[in-house]
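For reference, the structure is listed below as structure tokens.
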Amino acid sequence: MMPGSLPVNQNIEILENGKTIRDIIDSKIKELDSAENQQPFFVANLDCVLKAHLRWTKNLPRVKPFYAVKCNDKPTVVSMLSALGTGFDCASKGEIQLALSLGVTPDKIIYANPTKPSYHIKYAASQGVDTMTFDNEEELLKISSLHAQAKLVLRIAVDHSKSLKKLNLKFGATLSSAGKLLERAAQLGLQVIGVSFHVGCLCTDSLTFKRAIADSRHVFDMAKSLGFKMSLLDIGGGFTGTDLINESLDEFFPSESGVRIIAEPGRYFVESAFTLAVNVIAKKTVMNETEENCDNTESGPDRTMEYYINDGVFGSISSVLNFPDVKIEPYLHRVKSDAVGSSELKYKSVIWGPTCDCIDKVLENYWIPELRVGDWLLMDNAGAYTLSICSDFNNFERALIYFSASADTYNRFMRSHNQFYAHNVKDDDALKNNAKYNYHISGLFSKL
Ligand code: PLP
């Protein structure tokens, strides 16, 4: 693929004249229903990504975000964040290729996977992607033979007890082994420029960040005594809030230390930007036979409803397996004329995905009014670890994706890319007019 070209053509629908995300969802459902092609689909609001970025720069001014591509690798998302000036955390050759193909420069990439296939390291070296993480001696040996000029970042294991995904079970050198690893790196003549950690996904306790930053300080001091001049601290991902982080950075890595601080947020940037729409493709009524099951006389005591929808845990809803503690709450899409009062009888319901595997269960013990085959359900906050984890199991179609943005967000891109704009677009007014409608951005966002 040519650098700077999008692998797929993307459209962005401009939200204007009072048009909302909900209106776009309504019209897509209408379109799919009338074509009798009820595929699952996402609607993304790029305004949410922009807002997240503005919030980040306001709240964590010292920390440069390197967006974790694994979280949602749609080219439009990556291009947009690139336009906003973020760097990128890539975990594989494929993610590096994607970022480079969208015009991201190698210096804005950290190859943040402590255990890399040798040929991926070779590829990174060939592209000038030099900054990469490690947490073990074998990795140091591989890197010394495949990319001796690499700028290494030692990933340390930190407390993840307050996080929903415990990444430190798999990655991170213990503090007690850090010294030995640094000594080995020195023997091999490798440069170790910093420390990284990840507190685990969905970390709910900012004290965890404080402790991890203090641990990093300890490793910096250890490295200094071994002759390394470390200059980079990478505070990873897992962000749900930012309190205490600035304070801890100022305490352990004050501005005067000259240490550059980056982070690898994933979910933070994209989760709220996407809504998923799925269709009920089949249903069963299972009559309850035991008394035990008849415990709720008010709300459908005698039956359990089982629904089958057109997306599931092998598709866009893998979060059920990955993040079992995160509640998902699909709700019925109703067109405005369809409103029903709140007194509707609720039934205990199970929602299954479409595949033939019985682990493809999206929800159980879910009390909702009876659904019809053909109904649409919506799920908000569906942008993180959904699209990027999707498989083709049973060959069900992957969800379609529709992007939208307010004219303000859209124009902001345009402004921030005047140079490209002036270079590549001859008729300025025509472009502005186009932006008002369904503006085709192939090749434009790629340069953003
Ligand atoms: N960095 C690394 C190395 C990761 O493994 C992950 C997630 O698995 C992230 C960043 C992004 O984490 P989050 O989406 O929780 O911010």
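The values are calculated or read from the model by the stated rules, or taken from the named source; none is laboratory data. Remember, it's a predicted structure, so these values are computed and weren't measured experimentally. Here Cβ is always computed from backbone atoms with ideal geometry, including for glycine, and neighbour counts include all displayed protein chains. Accessible surface is based on the protein model in full, side chains and every heavy atom, while ligands, DNA and RNA are left aside. Shrake-Rupley method; radii C 1.70, N 1.55, O 1.52, S 1.80 Å.
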Worksheet item: Karplus couplings for segment 65-75 from phi (6.51 cos²θ - 1.76 cosθ + 1.60, θ = phi - 60°), rounded to Hz, Gly and Pro as x?
Response: x, 10, 4, 7, 4, 4, 6, 6, 9, 5, x
Item to complete: Pop out the carbon and sulfur fraction of the accessible area of segment 123-275 as a percent, whole number, probe 1.4 Å.
Response: 50
Response to the item:
Residues meeting the amide H criterion for LEU15 (H placed from the backbone, H to H distance under 5 Å, 5 or more places apart or on another chain) are ALA405, SER406, ALA407
Practice prompt. Per residue of segment 319-334, in order, report the coupling 6.51 cos²θ - 1.76 cosθ + 1.60 (Karplus, θ = phi - 60°) as ³J(HN,Hα) in whole Hz, putting x for Gly and Pro.
Written response: 4, 4, 8, 6, 10, x, 7, 8, 6, 10, 10, x, 9, 5, 7, 10
Fill in: Calculated from backbone phi, Karplus (6.51, -1.76, 1.60) coupling profile of segment 346-354 in Hz, x at Gly/Pro
9, 10, 5, 10, 10, 10, 9, x, x
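Calculate how many DSSP beta bridges within segment 115-248 are antiparallel, expressed in % of all such bridges and rounded to the nearest 5.
Here the antiparallel bridges make up roughly 15 percent for segment 115-248.
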Worksheet item: Long-range amide H contacts for THR131: which residues qualify at under 5 Å (H placed 1.01 Å from N, peptide plane, sequence gap of 5 or more or a different chain)?
Response: TYR111, LYS151
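Could you tell me whether segment 6-148 comes out rounded, prolate or oblate from its Cα gyration tensor? Rule is a ≥ b ≥ c as square roots of the eigenvalues, rounded for a/c under 1.5, then prolate if a/b exceeds b/c, otherwise oblate. Could the numbers behind the result be given before it?
Details: a/c = 3.03, a/b = 1.93, b/c = 1.57.
It comes out prolate by the Cα gyration axes.
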Worksheet, complete the sentence: Over segment 1-160, with neighbouring protein chains present, the accessible area per residue in Å² at probe 1.4 Å is 39
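Compute the signed sum of charges (Lys and Arg +1, Asp and Glu -1) over the other residues within less than 12 Å, Cβ to Cβ, of LEU226.
Details: positive: LYS180, ARG184, LYS224, LYS229; negative: GLU183, ASP221.
Spelling it out: positives minus negatives among the neighbours equals +2.
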Worksheet item: Considering only protein heavy atoms, what is the solvent-accessible area of TRP352 at a probe of 1.4 Å, reported in Å² to the nearest 10?
Response: 50
Item to complete: Report, by chain and number, residues whose modeled amide H sits under 5 Å from the one on ILE262, excluding near sequence neighbours (fewer than 5 apart, same chain).
Response: LYS64, LEU233, ASP234, ILE235
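Counting other Cβ atoms within 10 Å, which trypsin sites (Lys or Arg not before Pro) in segment 1-105 have at most 10 and lie in a DSSP loop? Present the calculation step by step, with values, prior to reporting the outcome.
Working: sites: LYS19, ARG22, LYS28, LYS30, LYS51, ARG55, LYS58, ARG62, LYS70, LYS93; in loops: LYS19, ARG62.
Passing both the DSSP loop test and the Cβ count: no residue.
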Discussion item. Keeping all protein chains in the complex and leaving out DNA, RNA and ligands, what accessible area do you get for VAL63 with a 1.4 Å probe, in Å² to the nearest 10?
Written reply: 10
Worksheet item: Which whole-number percentage describes the relative contact order of segment 37-169, with Cα contacts under 8 Å and a sequence gap of 6 or more?
Response: 16
Worksheet item: How much accessible surface area, in Å² rounded to 10, belongs to the heavy atoms of ILE368 with a 1.4 Å probe?
Response: 20
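If you take every DSSP beta bridge whose two residues both sit in segment 37-151, what share of them, in percent to the nearest 5, is antiparallel?
On the way: 0 of 8 bridges.
Antiparallel bridges: around 0 percent, rounded to the nearest 5.
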Fill in: Accessible surface of segment 348-406 [probe 1.4 Å, protein heavy atoms]: carbon and sulfur percent
52
